[in-house]
Amino acid sequence: EKERASGTYTNCNIHNNERCGVEIQDSASGTFSNCDIHNNTLQGVSACGDAKGTFKNCQIHGNNSNGIWIYGNAAPVVEKCTIQDNKTENMNKPGIVVSGDSKPSISNCEICGHLSDGIWEKERASGTYTNCNIHNNEQRGVEIQDSASGTFKNCQIHDNKRSGIWIREKAAPVVEECKIYNNKTEGELYSGVLADDDSTPQINRCEISGHLSEGIWERKQACGTYTNCNIHNNEQRGVAIQDTA
């Protein structure tokens, strides 16, 4: 879908295509409801340009690249979708990649089962992620880098194989009222929240627990603000600050 198109697509089975399952670009703003988007050669969904499409109650799974890739100035709305098990064997593909100057709204979604991160936000992206369940990914639940500044509210980030959230390279996210717990691989010391590289996160009213390392680990000139958090039952320190953080 492209240019200024605005279609409605309901109960569609979109699968086994040689590129993406769905690509929206330019100023397109179609609505996809109750669609099953799976087993495509590239991404399940690609949104670029100034696209503002809407995806509701969709199953996005088993694609051979990312479940969703959002870039340019795109600002799609993704609601009540399951983004699961999108991966190419031995290639680390996050479930959702948000890049460029994009500003998606992603809410009430389940994001799980990827060989890399659940969500990777980078460059100048600034998404809003609300009430999402991000779990059982092979690397981080969420990775935020460059000058990205997304907002995460009321999310459950748990049982990922590395840190719950990794913030780096001047990223400045806001994380509010999230539960970040049990992110770990047996024997590997990953913290719940890792802030690196001049990042300036704001972590407010979060519960951070059950990690083999620290609840929060700040280092390498990071300078976060942490307010009204409940940090407990981590195997090492609740909070560690090192280097010139």
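The values are calculated or read from the model by the stated rules, or taken from the named source; none is laboratory data. Just so we're clear, the structure is a prediction, and the values are computed from it rather than from any experiment. Glycine also receives a Cβ, built like all others from the backbone with ideal geometry; neighbour counts cover every protein chain displayed. SASA here: full protein model, heavy atoms, side chains in, ligands and nucleic acids out. Shrake-Rupley method; radii C 1.70, N 1.55, O 1.52, S 1.80 Å.
Pick from segment 154-181 the residues that are under 12 Å from the mean Cα position of the chain (by Cα) and open to solvent by 40 Å² or more (accessible area, probe 1.4 Å): which of them is farthest from TYR71 (Cα to Cα)? The extreme case among them is GLN156.
Within segment 109-122, the set of residues being open to solvent by 10 Å² or more (accessible area, probe 1.4 Å) and in contact with an Asp or Glu (Cβ under 6 Å, 6 or more places away or on another chain) comprises GLY113, LEU115, TRP120, LYS122.
For segment 123-140, give me the residue count where each residue is touching a residue at least 40 places away in the same chain (Cβ under 8 Å) and either among the basic types (Lys, Arg) or surrounded by fewer than 20 Cβ atoms within 10 Å (Cβ to Cβ) (or both). Count: 2. Would it be correct to say that SER147 is touching a residue at least 24 places away in the same chain (Cβ under 8 Å), of a type in the set (Ser, Thr, Tyr) and open to solvent by 40 Å² or more (accessible area, probe 1.4 Å)? The answer is yes for SER147. Does any residue of segment 150-163 turn out to be in contact with a strand residue (DSSP E or B) (Cβ under 9 Å, 6 or more places away or on another chain) and within 19 Å of ARG219 (Cα to Cα)? Yes, because at least one residue in segment 150-163 is in contact with a strand residue (DSSP E or B) (Cβ under 9 Å, 6 or more places away or on another chain) and within 19 Å of ARG219 (Cα to Cα). If only residues of segment 191-213 that are open to solvent by 10 Å² or more (accessible area, probe 1.4 Å) and over 15 Å from ILE144 (Cα atoms) are counted, the one that is farthest from the chain's Cα centre (by Cα) is LEU212. Number of residues in segment 214-244 that are of a type in the set (Lys, Arg) and open to solvent by 50 Å² or more (accessible area, probe 1.4 Å) equals 2.
Please go through segment 62-79 and pick out each residue that is closer than 16 Å to GLY127 by Cα, in contact with a strand residue (DSSP E or B) (Cβ under 9 Å, 6 or more places away or on another chain) and not small (Gly, Ala, Ser). Passing the criteria: ILE68, TRP69, ILE70, TYR71, PRO76, VAL77, VAL78, GLU79. Among the residues of segment 80-99, those that are part of a loop (DSSP other than H, G, I, E, B) and either among the acidic types (Asp, Glu) or in contact (Cβ under 8 Å) with a residue 40 or more places away in the chain (or both) comprise ASP85, ASN86, GLU89, ASN92, PRO94, GLY95. Restricting attention to segment 46-63 and to residues that are closer than 10 Å to ASN86 by Cβ and open to solvent by less than 40 Å² (accessible area, probe 1.4 Å), the residue that is nearest to the chain's Cα centre (by Cα) turns out to be ILE60. For segment 15-51, filtering for residues that are of a type in the set (S, T, N, Q) and within 16 Å of SER99 (Cα to Cα) leaves 3.
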